[in-house]
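**Q** Let me begin by handing over the structure; questions about it come next.
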Amino acid sequence: RARSKEGGMRLQTLDGRWRGKRVGQYLRQVDWFLELLLFCVHVTSGQPGRGSEITTIRHHNGLLQDRNVFVVDGRIMTVVRYHKSQSQFDKLKIMPRFLPPQLGQVMAVYLAYLQPFQEYLVV
């Protein structure tokens, strides 16, 4: 769809070169979408967590940290491994939270299609 005018902006010229200004606009739109997605995850998946909990959610494994977004029985689940009294008790508290089905579908589509394309454009 990068070359299509229907339903979106044309990110490439006919000879296959990327249009830098339009790519930048697209990436800003994706960033705005991610802010809205973060807000929706924060307020719809149970009691809202602390900011440091919600902003550490990872959708892929890192070098030193595992991901904490999973699909369980067709639903998206986030697992937060942080607790405000962790420093006092030296114990991690694991809190699984399921997203509402429609929001889970939105996140799944983002992770399957938009995120890889966004990463491709940034690199």
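**Q** Apply 1/(1 + (r/R0)^6) to the Cβ-Cβ distance of V43 and V122, taking R0 = 41 Å, and write down the FRET efficiency to the nearest 0.05.
**A** 0.90
**Q** Could you work out how far apart the two model spin labels at R58 and Q12 are, taking each label as a point 7 Å from the Cα in the direction of the beta carbon, and quote it in nm?
**A** 3.2
Coordinate-derived values only; no laboratory data. What you see is a predicted model, and the numbers here were worked out from it, not measured in a lab. We place every Cβ from the backbone using ideal geometry, glycine too, and count neighbours over all the protein chains shown.
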